[in-house]
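Have a look at the structure below, then the notes.
The values are calculated or read from the model by the stated rules, or taken from the named source; none is laboratory data. Model, not experiment: these values are computed from the prediction. Counting neighbours? That spans all protein chains shown, and the Cβs are built from the backbone with ideal geometry, glycine included.
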């Protein structure tokens, strides 16, 4: 390692998803002794099944003015873009109250401003790690297309486009023939498209994360398959990480355990309102039609992404906790919606060409992740709760927590992401 001028630490990174791998990689570049601890497979959680988007345009929070009026619909429509399982409602209620409160216009504007620098040039932020790993073939910047069936649907997203304009996000509106010629795979029932040319995507999120982890290990990092049980401290000083395989000595750490991060934060004095969005995808191998770039059906709230393994349709939000079994009807309904978007798809697919997945997005009620120092142990940094923008924000988040461990000012203001903000 080159001499970085930074005091060398032994750093444990908890979580082998996109954010954990990015943080571990940037910490290793700083010259630290880094161990990445993951109880399952690298990139096998939310990083496995997401839509693969690297979108600077994704600065619009989930909760916006008028959200409260939509809550009854969330409870009544089990296949809607956002649904809540009735039995989970008492558990979710405190989070849901904060979610509705976060939808005030002034708060939404502040959240969008906070997300802007974290998502800035999401594609470019990944390049140092991607090129070091020889994984250039896994990310592309072909843009991203949002499509609408009517002017009324488009007008319904006016606030989102105003927030993007206010924050310097460029886009181009395509209508009718111009849209259909740009992307011939979509149905002519879609009349309006919005093209975000600076957006990118990966053709395989899981392989991207695994390849970066292999480069991390090649460059001197350590991978440890273990379940973290807690922290060993002497007052505010970290001594190590307790795992089911014994103690891992460390004098600094990063909590990037996604949906499982809440308990770790609580043990370090931070009770954060983290909950879990269950997201679904379906993947069609060798599809009859394949778009050139990711396409968001803005009304149905799902994204279709061309992957090296086929066409992935991912999205929707289900609040049902970590233990309820998957509702595979939600996955199957994505295929129904996909056929509406892409009329060239077949009516039925044999089992060998069609797969389904469900995973857990770590979600904060204000759509802002938790990035900052632990209250009881300042050499532990948090990096979790990214909701729908984990892959897009992972590289800049990883760099930010490396800055925290090194004592450098991060490249963007972390105050809006503080664990104590609630």
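Numbers for the structure displayed
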{"quantity": "Residue selected from segment 301-323 under the condition outside any strand (DSSP E or B) and touching a strand residue (DSSP E or B) at 6+ places or on another chain (Cβ under 8 Å), by the criterion surrounded by the most Cβ atoms within 10 Å (Cβ to Cβ)", "calculated": "320"}
{"quantity": "Flag for residue 353 being touching a strand residue (DSSP E or B) at 6+ places or on another chain (Cβ under 7 Å) and surrounded by fewer than 17 Cβ atoms within 10 Å (Cβ to Cβ)", "calculated": "yes"}
{"quantity": "Residue count, segment 133-187 (criterion: assigned to a loop (DSSP other than H, G, I, E, B) and either modelled with pLDDT of 95 or more or within 23 Å of the chain's Cα centre (by Cα) (or both))", "calculated": "20"}
{"quantity": "Segment 259-284, subset touching a strand residue (DSSP E or B) at 6+ places or on another chain (Cβ under 8 Å), at pLDDT 95 or above and under 17 Å from residue 14 (Cβ atoms), residue surrounded by the most Cβ atoms within 10 Å (Cβ to Cβ)", "calculated": "264"}
{"quantity": "Subset of segment 366-417 [more than 27 Å from residue 64 (Cα to Cα) and part of a loop (DSSP other than H, G, I, E, B)]", "calculated": "374, 375, 376, 377, 378, 379, 407, 408, 409, 410, 411"}
{"quantity": "Some residue of segment 99-120 being touching a strand residue (DSSP E or B) at 6+ places or on another chain (Cβ under 9 Å), over 24 Å from residue 422 (Cα atoms) and surrounded by fewer than 24 Cβ atoms within 10 Å (Cβ to Cβ)", "calculated": "no"}
{"quantity": "Count of segment 36-55 residues which are crowded, with 24+ Cβ neighbours inside 10 Å and assigned to a loop (DSSP other than H, G, I, E, B)", "calculated": "7"}
{"quantity": "Per-region count, segment 149-177, residues in contact (Cβ under 8 Å) with a residue 24 or more places away in the chain and closer than 17 Å to residue 114 by Cβ", "calculated": "8"}
